[in-house]
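Some notes on the structure that comes next.
The values are calculated or read from the model by the stated rules, or taken from the named source; none is laboratory data. Since this is a predicted model, take the numbers as computed values, not measurements. Every residue, glycine among them, receives a Cβ derived from its backbone with ideal geometry; neighbour counts consider all protein chains shown. These area figures cover heavy atoms from the full protein model, side chains too; ligands, DNA and RNA do not enter into them. Shrake-Rupley method; radii C 1.70, N 1.55, O 1.52, S 1.80 Å.
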Amino acid sequence: MAVDTSPAMGPAAGAKGARGRGGRVHKPGTPPPRRIRNALARHWYAWAMVAPVVLVIGLIIGYPLVRGVYLSLTDANEANVERTIGMNHIPATYQTVGLDNFRAILKDQVFWDRLGWTVTWTVSCVALTFAIGLGLAVLLNRRFAGRTLYRSLLILPWAVPAFVSVFAWRLLYNEKNGILNKVLHGGGIDAVPWLNDPTMAKVSVIAVNIWLGVPFMLVALLGGLQSIPGELYEAAEMDGASPWQRFRHITLPGLRSVSSTVILLSTIWTFNMFPVIFLLTRGGPGDATEILVTYAYRLSFVNSPRDFAGASAWGVLILLILMLFAVIYRRSLRKQGEVW
């Protein structure tokens, strides 16, 4: 059968008053509404609700970040920044030096020593926190008497402010009057210099950070365990799978999406864990427990003259390291089939 392709069909598509997308009438010769204008018109209420949050985040995070990047490209320090002394106002005299601060840091062995200990500290804390949190989550996922009480007690360290917990642990670690050494003395063991020996100080700060981080891992992994269908375990048990086989082939794959997220978050938090290191050892003894973020703080607020440009450059490098880690980590997850 022949199909009529004459121009008679044309006017219907281009006729005056033809309805466009969404049933709206567009006059000939006028441009269609823009996508942004449409989004603002349709979702103005949502934009109005989000705007204050975006503004606050921009002021609290955006401005300091931009300011820090700018200072990292200068030679700003306590002697040449803008300041007011009494009635005298002294203008800023620092200048832009480009990437000189970053070159100096990367050539300094101090940076690589701090980076090595920071990586060791982060990997140790995250690995042990994840292992302990997973073990406790598996135990608390079973039904037994007093399960709710145990869950509440294990979450307690998370509810206490970090600085309060660190001060409590500092009392426990006291070499002369600490409870830990009192217990050891009762067993005939000499007092241990928990915070005065470089090796023991590193072990001590790792232990405190694990104690603070386990509740987060426990809660997240316990939620992931409860989302795994119980039918999978029943079917595997009927097929003769051992507890280890059920854990390896059902539990771990079922927790992959949750564990990948909590490991990333825990890595970022631990890498920048300022309170535990600074309040417990202040980077000591000597500089044995100094990590990147505490050293940047020392440059800007402790050392004299205060080196604002150097501290900012250290902060930018910390940000770049974490961004690089996040990108590599995300790509590795994509290769494993995890998309987020």
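Any idea of Glu82's accessible area? Nearest 10 Å², probe 1.4 Å. Approximately 120 Å² for this residue. In this structure, the amide hydrogen of Thr74, modeled 1.01 Å from its nitrogen in the peptide plane, lies closer than 5 angstrom to those of Val97, counting only residues at least 5 positions away or on a different chain.
For the chain, averaging the sequence separation of C-alpha pairs within contact (under 8 Å, six or more residues apart) and dividing by the residue count gives a relative contact order of 22 percent.
How much of the pair distance distribution for the chain lies past 29 Å, counting alpha-carbon pairs only, in percent?
For the chain, the fraction of Cα-Cα distances above 29 Å is 62 percent.
Length gained on full extension, Leu265 to Val160, computed as 0.36 nm times the residue gap minus the Cα-Cα distance: 35.8 nm.
Along its first, second and third principal axes, ordered by size, the range 121-271 spans 57, 34, 26 Å in Cα coordinates. With N the number of residues in the range 242-327, Rg(Cα) / (2.2 N^0.38 Å) evaluates to 1.55. Normalised by the number of residues in the range 136-283, the average gap of Cα pairs under 8 Å and 6 or more apart makes the relative contact order 31 percent. Rounding to the nearest 10 and keeping the result within 0 to 90°, find how far the Cα-based axis of helix 256-271 lies from the longest principal axis of the chain. The angle comes out at about 50 degrees. Compared with the dominant Cα axis of the chain, that is its longest principal axis, helix 147-159 is turned about 90°.
Given 20 °C and 1.002 mPa s, compute D for the range 107-169 with the Stokes-Einstein relation, Rh being the Kirkwood radius over Cα pairs; round to the nearest whole µm²/s.
Answer, rounded: 146 µm²/s.
Give me D for the range 255-298 in µm² s⁻¹, whole number, from Stokes-Einstein with Rh from the Kirkwood sum over alpha-carbon pairs, 4 °C and 1.567 mPa s. Approximately 113 µm²/s, per Stokes-Einstein.
Could you work out the mean projected area of the convex hull around the alpha carbons of the range 187-297, in square nanometres to one decimal? Walk me through the numbers on the way to the answer.
Details: hull surface 41.2 nm².
Mean orientational projected area (the range 187-297, Cα hull): 10.3 nm².
The alpha carbons of the range 29-99 occupy a box of 61, 28, 21 Å along the principal axes, longest dimension given first.
Using mean Cβ contacts within 10 Å as the protection proxy, how do 51-60, 93-102, 293-302 order, highest first?
Working: 51-60: 10.3, 93-102: 13.8, 293-302: 18.9.
Ranking the peptides 51-60, 93-102, 293-302 by packing returns 293-302, 93-102, 51-60.
Taking the Cα atoms of the range 63-108, the ratio Rg/Rh between the radius of gyration and the Kirkwood radius comes to 1.08. Average accessible surface for the chain: 65 Å² per residue, computed with a 1.4 Å probe over protein heavy atoms with every protein chain in place.
With one equal scatterer per alpha carbon and no solvent term, the Debye-computed log10 I(q)/I(0) for the range 29-160 at 0.11, 0.16, 0.18 1/Å reads -0.94, -1.01, -1.08. For the range 120-207, the Cα gyration tensor yields ellipsoid semi-axes of 28, 17, 14 Å (square root of five times each eigenvalue, largest first, whole Å).
Taken over the C-alpha atoms, the range 198-244 has Rg and Dmax values of 17.9, 53 angstrom.
Annotation for the range 267-289 versus the range 152-175: alpha-carbon center distance of 15 Å.
Three semi-axes describe the equivalent ellipsoid of the range 133-178; taken as square roots of 5 times the Cα gyration tensor eigenvalues and ordered largest first, they are 29, 12, 10 Å.
Between amide H atoms placed 1.01 Å from N, distances below 5 Å from Gly284 occur with Thr289, all of them 5 or more places distant or on a separate chain. For the range 279-340, state the average projected area of the convex hull of the C-alpha atoms over all orientations, rounded to one decimal in nm². Projected area, direction-averaged: 5.9 nm². What part of the accessible area of the chain, given as a whole %, is carbon or sulfur when the probe is 1.4 angstrom? The C+S portion of the solvent-accessible surface of the chain is 65 percent.
Order these peptides, 225-233, 182-190, by their mean beta-carbon neighbour count within 10 angstrom, highest first.
On the way: 225-233: 12.4, 182-190: 9.7.
Order by mean packing, descending: 225-233, 182-190.
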